[in-house]
Amino acid sequence: MMAGSSDKGSATDPSSPLDDGSAPFFTIGQVAQILGLQPAALRRLDEQDIVSPSRSDGGQRRYSRDEVERLREVVELTESGITLPGVREVLALRQRVSDLEDELDELRGRGHDVED
DNA sequence: TTTCTCACA
DNA sequence: TGTGAGCA
């Protein structure tokens, strides 16, 4: 049998920061390439508070995997004809729905009667 | 070289 | 929204 303790160094750790979607960072140029946008477009999104990437050495933007996924939703909405302020409203509404759903689930779990 | 901010069209 | 100038 194979001694299962030879390989598996540290490439598939389910609890590694490399798996935390929020650990890996991309430069604005990489994100622009992935989303097919111009670096200036990513800056507009940051200026309009649609996405808030972290900053690293020198104050350069650092986009995490989660930020890139959010950017992808934003570009889809903008390409649908929605303006940036409109996208911001959609994102806010989506978050509001998730928050209310969580609250609703909590009320149900406590045995409370949820009236519509 | 890349990214930054600021400004203009 | 895209591009340019000047800087770190």
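The values are calculated or read from the model by the stated rules, or taken from the named source; none is laboratory data. What you see is a predicted model; the values in this text were computed from it and never measured. Ideal geometry is used to build each Cβ from the backbone, glycine not excepted, and the neighbour counts take in all protein chains shown.
Descriptive notes on the structure:
- Some residue of region A:56-66 being part of a helix (DSSP H, G or I) and near DNA strand B (Cβ under 9 Å from one of its atoms): yes
- Some residue of region A:92-102 being surrounded by 13 or more Cβ atoms within 10 Å (Cβ to Cβ) and modelled with pLDDT under 95: no
- Yes/no for residue A:51 being under 22 Å from residue A:19 (Cβ atoms) and assigned to a loop (DSSP other than H, G, I, E, B): yes
- Flag if residue A:38 is of a type outside the set (Gly, Ala, Ser) and closer than 27 Å to residue A:20 by Cβ: no
- When region A:16-60 is limited to residues that are in contact (Cβ under 8 Å) with a residue 40 or more places away in the chain and closer than 22 Å to residue A:85 by Cβ, the one that is surrounded by the fewest Cβ atoms within 10 Å (Cβ to Cβ) turns out to be A:44.
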